[in-house]
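K.L.:
Got a structure for you, questions after.
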Amino acid sequence: MQTTTLKLSAPWSHVKELLKENNIELTDEDLDYKEGRDDELLERLSKKMNKDKEAVKDYIESISSNKGIAS
């Protein structure tokens, strides 16, 4: 099983707050992240956001780097 790794350009605490601002349905529990457990986070968010894991990963990384993809 291949492990997915998020490539964040900002600290998770900052990214988490931006995610909550962009999607008010996300809770602190949904966004609970432990380093090295990226797949768990992505799996949880993919179900909550009704998107596949790769789309959620791209969304998080875009918010992290402020590329403007997130909306």
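K.L.:
For region 22-48, how many residues meet the condition of being under 16 Å from S64 (Cβ atoms) and either within 10 Å of the chain's Cα centre (by Cα) or surrounded by 11 or more Cβ atoms within 10 Å (Cβ to Cβ) (or both)?
P.N.:
9
K.L.:
Name the helices (runs of 4 or more DSSP H) wholly inside the chain in which the number of residues that are polar (S, T, N, Q) is 3 or more.
P.N.:
Answer list for the chain: 53-65.
Only the coordinates and a few stated rules stand behind these numbers; no lab work does. What you are looking at is a predicted structure, and each value in this text was computed from that prediction instead of being measured. Cβ coordinates were reconstructed from backbone atoms using ideal geometry, including for glycine residues, and neighbour counts include every protein chain displayed.
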